[in-house]
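First up is the structure itself, then whatever we jot down about it.
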Amino acid sequence: MPKVAIAPRKTSAVKMGDAPDGGNARGGGRVADKTISGFARRSLARAFAVVVTLFARFVTAVRGQWVGNEPSRKRRIYFANHTSHGDFVLIWIVLPPRLRRKTRPVAASDYWLKSKLRSFIGRDVFHAVLIDRNKETRTEDPIALMQDAVDRGASLILFPEGRRNDTDAPLLPLKAGIYNLAVSRPHIELVPVWIENLNRVMPRGEFIPVPLMCTVTFGPTMQVAEGEPVGAFLDRARDALLALKPARNGSASP
């Protein structure tokens with residue numbers, strides 16, 4: 001019987017445990033690791049958000065109140081007085097969950113990127129729009145970053161004073177950034193928000209909060225009038241905030 005030539009069996013050049021696409025046959029290798037890591041990070045962020053919400057509610061007994069306004073799915077810019085790094089947290093947690101998921105705080109990158117924990121909280125938990133306040137080092141235009149967030153469907157929480165107010169004045173002068181953003185996106189509603197008592201819960205330099213009831217008051221919406229000068233608009237925005245400030249007798253300030 002003539003001999004039959006048998007072709008040598010071809011072996012794959014792929015190493016054991018590797019899939020042809022460069023992943024791992026048991027789970028995608030580096031690609032799967034990134035997917036798992038991303039999923040775990042998102043899960044941790046959601047869990048952390050729940051913890052922060054429960055803790056903030058426990059410490060501050062915060063309650064939200066709407067004056068001449070009501071929650072809406074419309075894209076909005078919530079602008080508020082600024083007395084603590086926890087300000088945006090209180091605004092965020094008193095929003096209905098359906099709005100909370102699409103609302104992003106605008107925060108200072110020099111504070112929220114100081115450590116891995118702060119970065120995780122700012123970026124992963126609250127999806128903050130991080131702004132470099134130093135004009136000399138910034139590489140991106142703050143207004144453009146906020147415009148991009150709004151254009152992608154987000155509402156924003158921002159603090160037009162530009163920094164924490166640790167003076168005796170009820171408000172610092174408002175910066176023109178909110179005006180420039182509002183002019184560039186005139187269809188977006190602006191909502192004044194007054195936060196009361198958080199500066200006493202989290203005073204500057206303290207790490208342990210003092211339990212005290214806080215209120216977050218949302219006022220009537222406003223927009224930039226056509227052709228309105230920046231100064232006139234900032235005066236209106238300031239007046240809208242101060243009108244929500246509780247007076248000592250519990251009524252709103254005039």
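The values are calculated or read from the model by the stated rules, or taken from the named source; none is laboratory data. Because the structure is predicted, anything quoted here is derived from the model rather than measured. Ideal geometry is used to build each Cβ from the backbone, glycine not excepted, and the neighbour counts take in all protein chains shown. For the accessible areas, the whole protein counts, side chains as well, though only heavy atoms, and no ligand, DNA or RNA atoms are used. Shrake-Rupley method; radii C 1.70, N 1.55, O 1.52, S 1.80 Å.
Could we say that PHE120 is farther than 19 Å from LEU190 by Cβ, in contact (Cβ under 8 Å) with a residue 60 or more places away in the chain and either crowded, with 20+ Cβ neighbours inside 10 Å or touching a helix residue (DSSP H, G or I) at 6+ places or on another chain (Cβ under 9 Å) (or both) here? So that I can check it myself, show each step before the final result.
Details: farther than 19 Å from LEU190 by Cβ: yes; in contact (Cβ under 8 Å) with a residue 60 or more places away in the chain: yes; either crowded, with 20+ Cβ neighbours inside 10 Å or touching a helix residue (DSSP H, G or I) at 6+ places or on another chain (Cβ under 9 Å) (or both): yes.
Here the answer is yes, as PHE120 does meet what is asked.
Pick out the one residue from SER155, SER119, SER109 that is polar (S, T, N, Q) and touching an Asp or Glu at 6+ places or on another chain (Cβ under 7 Å). That would be SER109, the only listed residue that is polar (S, T, N, Q) and touching an Asp or Glu at 6+ places or on another chain (Cβ under 7 Å).
Going by the structure shown, is LEU113 within 30 Å of ALA47 (Cβ to Cβ), open to solvent by 30 Å² or more (accessible area, probe 1.4 Å) and among the hydrophobic types (A, V, I, L, M, F, W, C)?
Details: within 30 Å of ALA47 (Cβ to Cβ): yes; open to solvent by 30 Å² or more (accessible area, probe 1.4 Å): yes; among the hydrophobic types (A, V, I, L, M, F, W, C): yes.
In short, yes.
Among the residues of the stretch 123-135, those that are open to solvent by 70 Å² or more (accessible area, probe 1.4 Å) and modelled with pLDDT of 90 or more comprise ARG123, HIS127. Tell me yes or no: at least one residue of the stretch 151-173 is in contact with a Leu (Cβ under 6 Å, 6 or more places away or on another chain) and of a type in the set (A, V, I, L, M). The answer is no; no qualifying residue exists. Residues satisfying the criterion are present in the stretch 51-64 (criterion: loosely packed, with under 13 Cβ neighbours inside 10 Å, modelled with pLDDT of 85 or more and farther than 30 Å from ILE178 by Cβ).
Going through SER84, SER72 one at a time, which residue ends up being under 29 Å from ASN180 (Cα atoms), open to solvent by 10 Å² or more (accessible area, probe 1.4 Å) and among the small types (Gly, Ala, Ser)?
Numbers: SER84 fails: open to solvent by 10 Å² or more (accessible area, probe 1.4 Å).
Criteria check complete, one pass: SER72.
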